[in-house]
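Presented below is the structure to which this report refers.
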Amino acid sequence: MSRRNWGLWAAMAAGYALLYVPIVSMIVYSFSASRMATVWAGFSTRWYVSLFSNEQIMQALARSLTIAAVAASCATVLGTACGLALSRFGRFPGSGLLSLMNSAPMVMPDVMLGLSSLLLFVTLQQALGWPERGMSTIMIAHITLTTCYVTVVVRSRMAALDDSLEEAAMDLGARPWRVFWLITLPLIAPALLAGWLLAFTLSLDDLVIASFTSGPGASTLPMLIYSKVKLGVTPEINALATLIVTVVAIGVVVAGVVMHRREAA
Amino acid sequence: MLPMLWLLLFFAVPFLIVLKISFAEAVFGQSPPYTPLIEHAADGATSLRLHAGSYALLLQDPLYVAAYLKSLLFAGVSTLFCLLLGYPIAYGIARARPAWRMLLLVLVILPFWTSSLLRTYAMIGMLKANGVLTGALAAIGLIEPGTAILHTDLAVYIGIVYNYLPFMILPLTATLMRLDFGLLEAAADLGAKPWQAFLRVTLPLSMPGIIAGALLVFIPAVGEFVIPDILGGPDALTIGRVLWTEFFTNRDWPLAAAVAVAMLLLLVIPTLLFEYVENRRERREAQA
């Protein structure tokens, strides 16, 4: 192995270490008996026990999961429609605007999206008496945030797809809806799963937009974690973070394997 | 076109409202805490009142200009370090055998899927006094034992690089994987030293990936709230934090809106214009 390759390997190892050492050390300390979040004092699962008996955290978790599931599902429907329109219909009136509005939320800072969504909700409420701020407004804001990510995933899948299958089905007399249900949808299903998962984790992770658009008493899990971190670190958060990271990692790996198999088949 | 309507209603219209409210005057102790722009007087006359005070304050109070500069500095330096750290990784992935490549890519993407709030939180354990990283640095004698990096600007840089590194690596890897490595052999045959081949062949050809990665890191990093707020000290005042404070603590909604409009003008609109011009150039080149 040449000297140049050693340099490359060292740089790669440093990069991967940066990515993983913080997470791994957090997982290790979640099993520490110490009240200090980063002092080791023997193996213990007491923080996991106290986590599951913490009513407030469990309620916020349930709220966050509900919001993420609803937002991801709606965003998948909307994003798929956007992705199909942008990749199949070519240039249509408004396609430039749609494309622009689709890339904008991805480069937009969170504080900006949060503030603008809230001001819209306040204005709507003054004019129409709707919506009441709470879970529903967080869901609406999260759908807006995540739709564009689903669009990107669907669009790139469509670009890689041969459209001759769809044309063949239409030549054989299938109506557009049948073509969509029988041909297009099964072909882009892996992209839909990937898009849904991406939207779900983005919604689950969001602190800033939820803080702006939430109403009193509708704290999500990230909002609760943020307020706890601001008050000082509690070891319960280590345990909670470990569980979330583990679940997400397993989910992503399983989804990856499923998609890999489907594509190979 | 339901998606179009949705994006128009919940994405485009809000900006007009932000713009509108940025011209209102803050009124405290009422909800919502600002004056209406259009006033209906008792005699039926309607008048428009534009209040530019929030914008004047942005320019006059050095606090806001300093916050913009600080945000640009944090984002710029972090982007540079993401590039320096991310390039070798992307290069290594692109040149690895296909079986290894998948694994290495998954290992980069995995942290990106886990919560950024929790990863920022995990950084506290690394950077506080006698933490994992500070302890290690003290053990090899680089810093005094008991020194904390937490709540300094350095902590913010480390936090941003840590959080955004995957955003740099992914587009770089995509570009480098498409690169024809035969070109490097040709350069070597023509007598180029490895570093010359890198500077004159690999680097220019990977420019699209560098630009894409730099934008993906730089833009959100400028508006970042969580990382400077949790890892930085009180003087790590970024635009994101200023907007948050004006809104939640001072309840000055018009000023928060004006901060947002200024951020949009300085940051997002140039990006979208750049993207638009690039797309048109690519289409023209594809047609030519």
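The values are calculated or read from the model by the stated rules, or taken from the named source; none is laboratory data. The structure displayed is predicted, hence computed values, not measured ones. All Cβ positions, even for glycine, are placed from backbone atoms using ideal geometry, and neighbour counts span all protein chains on display. Side chains are part of the model used for accessible areas, which takes the heavy atoms of the whole protein and leaves out ligands, DNA and RNA. Shrake-Rupley method; radii C 1.70, N 1.55, O 1.52, S 1.80 Å.
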Anchor residue A:230: lysines whose Cα lies under 27 Å away (excluding residues fewer than 8 positions away in-chain) = B:70, B:128
Please give the average number of partner chain Cβ atoms lying within 10 Å of the Cβ of each residue in B:85-92, rounded to a whole number.
-> 5
Whole-number percent relative contact order across chain A, with pairs defined as alpha carbons under 8 Å at least 6 apart = 30
What does the helix-only formula give at 222 nm for chain B: each DSSP H stretch with n ≥ 4 adding -39500 (n - 2.57), the total divided by the residues, and the result rounded to the nearest 500 deg cm²/dmol?
-> -21000 deg cm²/dmol
Going by average Cβ neighbours within 10 Å, how do the peptides B:155-161, A:140-146 rank, with the highest at the top?
-> A:140-146, B:155-161
With the Cα gyration tensor of the protein assembly as shown giving a ≥ b ≥ c as the square roots of its eigenvalues, does the rule (a/c under 1.5 for rounded; else a/b larger than b/c for prolate; else oblate) give rounded, prolate or oblate?
-> rounded
Taking region B:95-155, which trypsin sites (Lys or Arg not before Pro) meet the DSSP loop condition and have no more than 14 other C-beta atoms within 10 Å?
-> none
³J(HN,Hα), Karplus 6.51/-1.76/1.60, whole Hz, each residue of region B:258-273, x for Gly, Pro = 5, 4, 5, 4, 4, 5, 4, 5, 7, 10, 7, 4, x, 4, 5, 4
Per its Cα gyration tensor (rounded if a/c is under 1.5, else prolate when a/b beats b/c, else oblate), chain B is best filed as oblate
Across B:181, B:74, B:247, the residue with the highest GNM fluctuation in chain B (Cα network, 10 Å cutoff) is B:181
Residue separation between residue B:183 and residue B:248 times 0.36 nm, minus their alpha-carbon distance, gives in nm 17.8 nm
Measuring from its Cα centre, the protein assembly as shown shows a charge dipole (+1 at each Lys and Arg Cβ, -1 at each Asp and Glu Cβ) which, in debye to the nearest 20, is 1040
So for chain A, using the alpha carbon gyration tensor with a ≥ b ≥ c as root eigenvalues (a/c under 1.5 gives rounded; past that, a/b versus b/c decides prolate or oblate), I'd call it oblate
Enter the buried accessible area of the B/A pair, total of both sides, probe 1.4 Å, in Å² rounded to the nearest 100.
-> 6900
The longest stretch of chain A containing none of the chymotrypsin sites (Phe, Trp or Tyr not before Pro) that sit in a DSSP loop with at most 13 other Cβ atoms within 10 Å is A:90-265
Spacing of the two label points (7 Å from each Cα toward its C-beta) at residue A:168 and residue B:137, in nm = 6.1
With helices defined as uninterrupted DSSP H runs, which ones in chain A have an alpha carbon span along their own long axis of at least 27 Å and mean Kyte-Doolittle hydropathy of at least 1.0?
-> A:55-88, A:135-160, A:185-205, A:235-264
For the Cα atoms of chain B, what angle does the longest principal axis make with the long axis of helix B:153-178, in degrees from 0 to 90, nearest 10?
-> 60
